[in-house]
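Below: the structure, in structure tokens.
Nothing in this text is a laboratory measurement; each read-out follows from the coordinates by a stated rule. Because the structure is a prediction, the values reported are computed rather than measured. Here Cβ is always computed from backbone atoms with ideal geometry, including for glycine, and neighbour counts include all displayed protein chains.
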Amino acid sequence: MTGLLLRAPVRGTLDPTQPSTKGDVFIAMEPRATGHDRVRAPGARACATRAANLADAVPVSQVTWTSARQVAADVLERH
């Protein structure tokens, strides 16, 4: 039944303002795969990327940045 809510909404591990209401289960069969230096838990890379983006801003390529500046200049010319 789509949309049926039987209990509180599920909150993930990336919400720093609320405790997580879900869990993840993972099993690592090999401590390290060839070419990798560690085993990561599900969501670990997303958490690290989010933390880096919050600390240092979201990386933008030079082509995208140049295009955005041109669009902004065009908008200013029209108004």
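Say a paramagnetic label sat at a point 7 Å from the Cα of ALA33, along Cα to Cβ; which residues of region 40-79 have their backbone N under 14 Å from it? Only 40-43, 45 fall inside the zone, counting backbone N under 14 Å. Ranking THR21, ALA41, VAL71 by how far each Cα lies toward the positive end of the dipole of region 6-79 (charges on Cβ) leaves THR21 at the top. What FRET efficiency, computed as 1/(1 + (r/R0)^6) with R0 = 22 Å and r the Cβ-Cβ distance, is obtained for PHE26 and ALA55, rounded to the nearest 0.05? With R0 = 22 Å, the Cβ-Cβ based efficiency is 0.25.
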